[in-house]
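One structure is given here, and the rest of the page talks about it.
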Amino acid sequence: MKHTIEVVGLGGGDINQLSLGIYRKLKEHANPIFVRTKDHPVVQTLQEEGVTFHSYDEIYEQYPDFQTVYEEIANSLYREAEEGSIIYAVPGHPMLAEKTVQLLLAQQEVEVKIIGGQSFLDDLFSVLQIDPIDGFQFVDATSFRRDELEYRQHLIFCQVYDQMVASEVKLELLEDLPPEYPVTIVDAVGSSDERIKTVALEELDRSVEFSNLMSVYVPPAISLELNHKFYRLHDVIRTLRGPNGCPWDQKQTHTSLRRYLIEEAYELIDAINKEDEENLIEELGDVLLQVMLHSQIGEDEGYFTIEDVIRSVTEKMIRRHPHVFGDEVLETEEELRDSWAAIKQEEKKEQSRTHTEEDAMVPQLMKAAKIGQTKEVAVSELEQLLAKLDQKEGQSEQYEAAIGEILFAIASYAGYHKINPEIALHQVIDKKQSTDKGSER
């Protein structure tokens, strides 16, 4: 006969929240009832009434992470159910933030029945006076990523049961919200022991005595508090290009913006060369601004959006790194370079590129460097070209051609040795300008 695990919810508060049916089931059960933790007011009351429980509290001390704890509890329950049907009781509702229940439901050998129980969310919404229709996110405080949090909605962290968990939540939130941002701590909501306290975010982990029934509520943030989020930048650019936006931004086109992207790129390189971290942030932002403006123009004209741009580069990076996102093994720099080149060639579906207007926009030194990547120019060739300069002096056209040959040879030489001639030249000019300014003083 196939045995059963009946999963019962104990609610979020005291015995008064328990339905009569569940109360009778627990009271009349002849064998010990399995519970994830005994630290719950319903368990304590039923123990006083003679009900026996087997808890898994000790497992929390044996393993370093919650995932392993939950897996061990689920495996233990599965083994117990192989011997006979059992009751497993959990805080709240079995289908709300109960990883052990999800693990039990994932297996097929033992039947799992959900008997219900009262969720604490109804009482939580009432006491906080919020309507989840406005947008609501429910987060396990012991297992979440900051980039998953949506601060424009009502945000509730459950399982904030000790100071360590509260500290982790606080530190993550402080990356996005100011220290004085108000958060509300709710404990044993809906029960006679209900406690509610609003504190500054920076005080979250040192303002109350923690319990297994504690949650933290973070109210929606206003837009100005989220200026570091990508969607805020998108909103700002959309507004600037919109009907009530800026006349200058509204009239820009891909063509009119070309010069600014080149200028911003060189200013970024200058900040990198100067190792100016503060200015580097600003210049990276200016380059990103150009990307956003071009993307918004594409969206306004109905051709593409910033999401298309992001999807394109994300898929490209995954595709071009099979050794990271796939099973391919590439160990040497040469293997990486060959793999990258092969993937690019497959993507483009062409053997070579013809000269186009796009090519003309590439700085000529960089174009020469690219041509020279496959064939090294000997130093002796450079010396021969320099020697020819004396022979061409006074003959302007031939002299110009000789200078061009030298520049091409040097840039080609740089390209073969993986040196960007534009950056190399930029560094020398910057150093000479600094030296000249110093001598003027």
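Hey, got the dipole for the chain? About the Cα centre, +1 on K and R Cβ, -1 on D and E Cβ, debye to the nearest 20? Walk me through the numbers on the way to the answer.
Numbers: 43 positive and 84 negative charges, 175 e Å.
Dipole size: approximately 840 debye.
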Taking θ = phi - 60°, what integer Hz values does the Karplus form 6.51 cos²θ - 1.76 cosθ + 1.60 yield along the range 419-426, in sequence order, with x for Gly and Pro?
10, 7, x, 4, 5, 4, 5, 4
Please work out whether the range 29-89 counts as rounded, prolate or oblate from its C-alpha gyration tensor, where a ≥ b ≥ c are the square roots of the eigenvalues and a/c under 1.5 means rounded, while otherwise a/b larger than b/c means prolate and anything else oblate?
oblate
From the convex hull of the Cα coordinates of the range 239-332, what is the mean projected area in square nanometres?
8.8 nm²
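Which whole number in µm²/s is D for the range 1-111 by Stokes-Einstein, with the Kirkwood Rh taken over Cα pairs at 20 °C and 1.002 mPa s?
Reported coefficient: 150 µm²/s.
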Quick one: Cα convex hull volume of the range 45-170, Å³ per residue?
161 Å³
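For a protection proxy built on the mean count of beta-carbon atoms within 10 angstrom, sort 309-321, 143-155, 410-422 highest first, please.
The most tightly packed comes first, giving 410-422, 143-155, 309-321.
What's the local net charge at residue 25, with K and R +1, D and E -1, over the other residues with C-beta under 12 Å away?
On the way: positive: 24, 27, 113; negative: 6, 28.
In short, +1.
For the chain, what does the accessible surface come to per residue with a 1.4 Å probe? Please give it in Å². Could the numbers behind the result be given before it?
On the way: 26620 Å² over 441 residues.
In whole numbers, the chain has 60 Å² accessible per residue.
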With angles folded into 0 to 90 degrees, how steeply does helix 66-83 sit against the dominant principal axis of the chain? Use alpha carbons for both and round to 10.
40 degrees
Interchain or long-range residues, amide H under 5 Å from residue 33's placed H:
52, 53, 54
So what are the radius of gyration and Dmax for the Cα set of the chain, in Å?
33.2, 112
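Within 10 Å, count the other beta carbons around each residue, average over each peptide in 2-15, 35-48, 121-134, and list them highest first.
Values: 2-15: 21.9, 35-48: 18.9, 121-134: 14.1.
Sorting 2-15, 35-48, 121-134 by mean packing, highest first, produces 2-15, 35-48, 121-134.
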For the range 1-136, calculate the relative contact order in percent as a whole number, restricting contacts to Cα pairs under 8 Å that are 6 or more residues apart.
42 percent
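Considering only protein heavy atoms and a 1.4 Å probe, what is the carbon-and-sulfur percentage of the accessible area of the chain?
Here it works out to 51 percent.
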Using +1 at the Cβ of each Lys and Arg and -1 at the Cβ of each Asp and Glu in the chain, identify which of 280, 191, 342 lies farthest towards the dipole's positive end.
342
Enumerate the lysines that residue 348 could reach by cross-link, defined here as Cα to Cα under 20 Å, with residues fewer than 8 away along the same chain left out.
316, 367, 370
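The values are calculated or read from the model by the stated rules, or taken from the named source; none is laboratory data. Keep in mind it's a predicted model, so treat the numbers as computed, not measured. When we count neighbours, we look across all protein chains shown, and the Cβ atoms used for this are built from the backbone with ideal geometry, even at glycine. Protein only, heavy atoms only, side chains kept; ligands, DNA and RNA dropped before computing areas. Shrake-Rupley method; radii C 1.70, N 1.55, O 1.52, S 1.80 Å.
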